[in-house]
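Remarks on the structure that follows.
The values are calculated or read from the model by the stated rules, or taken from the named source; none is laboratory data. No experiment lies behind these values; they were computed from the predicted model shown. Don't worry about glycine lacking a Cβ; one is built from the backbone with ideal geometry, like all the others, and counts go over all protein chains shown. Protein only, heavy atoms only, side chains kept; ligands, DNA and RNA dropped before computing areas. Shrake-Rupley method; radii C 1.70, N 1.55, O 1.52, S 1.80 Å.
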Amino acid sequence: MSDFPIVRRRHPWRWVATAILVLLAVMLAAKVASNPVFVFQAVADYLFEPRILSGVVVTLYVTCGSMAIGLVLGVVLAVMRVSDNPVINRAAQLFVWFFRGTPVLVQLIFWFNIGIIFPSITLSLPGGEVLFHLSTNSIMTPAVTALLGLGLNEGAYMSEIVRAGILSVDNGQREAAKALGLPPWKVLSRIVLPQALRVIVPPAGNQFVSLLKTSSLVSVIAAGDLLTQATRIYNENFHILELLVVASLWYLVLTTLANIGQYYIERRYSRGFVQSGRMTAFSRLRGFRGSSAGALPKGDRPT
Amino acid sequence: MSSKVVQVMNVSKSFGETQVLKNISVDVRDGEVACIIGPSGAGKSTLLRCINRLEEQTSGMIFIAGEPVGFAQRNGSFHELDATALARQRAGIGMVFQRFNLFPHMTVLENIIEAPVTLRRARKADAIASAAELLASIGLADKLNEYPAQLSGGQQQRVAIVRALAMRPRLILFDEPTSALDPELVGEVLAVMKQLAKDGMTMIVVTHEIGFAREVADTVHFMVDGEIVESGPAATVLQSPREARTRTFLSRVM
């Protein structure tokens, strides 16, 4: 009597869908493989070509650099936005309005040509003694322009993300910190921002992935990034599609790595918060089930 | 008679058109346990929050140990303090919240030593030692490295009391400390508060626990509509209230 033989439900449509998709994929692959123009060997040849690799490095540092600028600027702007001081508040709002309201491509070209209106940068004392004098074009190299242009733009977007994070922290937290006698700066840095990070990290990771790809815009100012290098090479040998595939493969590698990094940062900043466990493709591959409670000892979950 | 730790003098507070505190004056002596009772919306919590200036009164002045809260007295006038100086003042006033407000990203130990260490009231090693001692005294020695979310409500509130105590405050404000707790957890928090009272801590407690007030309070203040209607020794106010409104309220809650 204790036996209840169960026959699980079948899923015939899953098999139909699989069959259709496999068929389509095979057809596409056959079409590409039989194409006489697309040279697979070129993809393989250029995947690890030194110029491409140097482009990967430039893309990485332009992305990380402008993300770092964006993060710092974003926190500063967000704190300005939540400040009681109306002037500071408005200034931050104006910055965000401007940099979110104009295309980043336009901003990049603008910064690259800033030397036209400010040919040199001079710092001099009131007496007239010149402390230093530099030509703008010697400072605004493509790499610096890329960092500045993308960084300022990123700061505008990050500030809204950070602001949302700050606003997500319960006001009781701020009050408890104040009541303990923590000065405003400590309330922000020790209590509010660490909790805000939990909310900030997922969209910030999204921004980072987006920035990895947006950084390809700096190819218009020949900043030497991945796309710049791919363009240079296909202008010599006309393997346009092959080199775009090479570049895309690298972008995919970088964004995948960014996703994995994001997973670990998220886990770090959800310490003490109880959520259901989350798995990423990566942790699933390793057969590892992570959760925010990862920092909590096993078998000692709150009830 | 022992000295006055808290003097609330003619304090009024308005949120826009609504006046939530009407010319309130209260004194609390050193070591006294004062309970503020009354129906919701009476302004009890607002009064409490004015005492450590989480709310700013519209008029009147509050003194703690003779010092005006949120102001510096110079040449007969009161100069508003900046945020840092105000923070320094608040460090001497403990507060326990209805919703505990432990810092969820920190362990129990980190919650307790955060303020003493950050404000350099104690060296880290000393702060840890005294936190462990305080936790042991309330039976939570084994919870040192747990996160607040792993504790029951009653345990969280007891940790919150220890967090306030770690700053060695001159008085502790309790804002409905048991209202967010499951009924079976109320007792453990009240027990800690009773022990504190026995140890001579000055406490101002906004509460619905009339039983606690009767047992522990020295004085009871009954508030309605932003006014203190009746004040006096706990036994008098709770057993033989003078005012009709006090009688009505007490008959409803008991």
Check: Scanning for something outside any helix (DSSP H, G or I) and free of Cβ contacts under 8 Å to residues at least 12 places away in the same chain, does the range B:193-202 turn up at least one residue?
Finding: yes
Item checked: the range B:22-40 - residue that is in a loop (DSSP other than H, G, I, E, B) and touching a residue at least 40 places away in the same chain (Cβ under 8 Å) and, of those, surrounded by the most Cβ atoms within 10 Å (Cβ to Cβ) -> B:Gly38
Check: In the range B:111-136, which residues are surrounded by 17 or more Cβ atoms within 10 Å (Cβ to Cβ) and farther than 27 Å from B:Pro68 by Cβ?
Finding: B:Asn111, B:Ile112, B:Ile113, B:Glu114, B:Val117, B:Ala122, B:Ala127, B:Ile128, B:Ser130, B:Ala131, B:Leu134, B:Leu135
Notebook entry, point to check: How about the range B:172-186: which of its residues are within 19 Å of B:Leu134 (Cα to Cα) and either open to solvent by 20 Å² or more (accessible area, probe 1.4 Å) or within 12 Å of chain A (Cβ to nearest Cβ) (or both)?
Noted result: B:Ile172, B:Leu173, B:Phe174
Next item on the list: Tell me which of these B:Leu54 doesn't satisfy, since it passes every other one: (1) under 20 Å from the mean Cα position of the chain (by Cα); (2) in a loop (DSSP other than H, G, I, E, B); (3) surrounded by fewer than 17 Cβ atoms within 10 Å (Cβ to Cβ).
Entry: (3)
Next item on the list: Six or more apart or on different chains, Cβ under 8 Å: which pairs go from a residue in the range B:41-60 that's closer than 16 Å to B:Ile228 by Cβ to one that's open to solvent by less than 10 Å² (accessible area, probe 1.4 Å) and assigned to a helix (DSSP H, G or I)? Could you list them?
Entry: B:Gln57/B:Cys50
Next item on the list: Would you point out which residue out of A:Leu257, A:Leu243 is under 17 Å from the mean Cα position of the chain (by Cα) and either over 30 Å from B:Glu114 (Cβ atoms) or hydroxyl-bearing (Ser, Thr, Tyr) (or both)?
Entry: A:Leu257
Item checked: Pick from the range B:57-74, criterion of a type in the set (Gly, Ala, Ser) and over 27 Å from B:Thr18 (Cα atoms), ranking: farthest from the other protein chains (Cβ to nearest Cβ) -> B:Gly66
Checklist line | Filter result (part of a strand (DSSP E or B) and more than 9 Å from chain A (Cβ to nearest Cβ)) within the range B:75-95 | finding: B:Ser77, B:Phe78, B:His79, B:Glu80
Next item on the list: Hey, can you tell me all the residues within the range B:108-131 that are at the interface with chain A (Cβ under 8 Å from one of its Cβ atoms) and either in a loop (DSSP other than H, G, I, E, B) or at pLDDT below 95 (or both)?
Entry: B:Thr118, B:Leu119
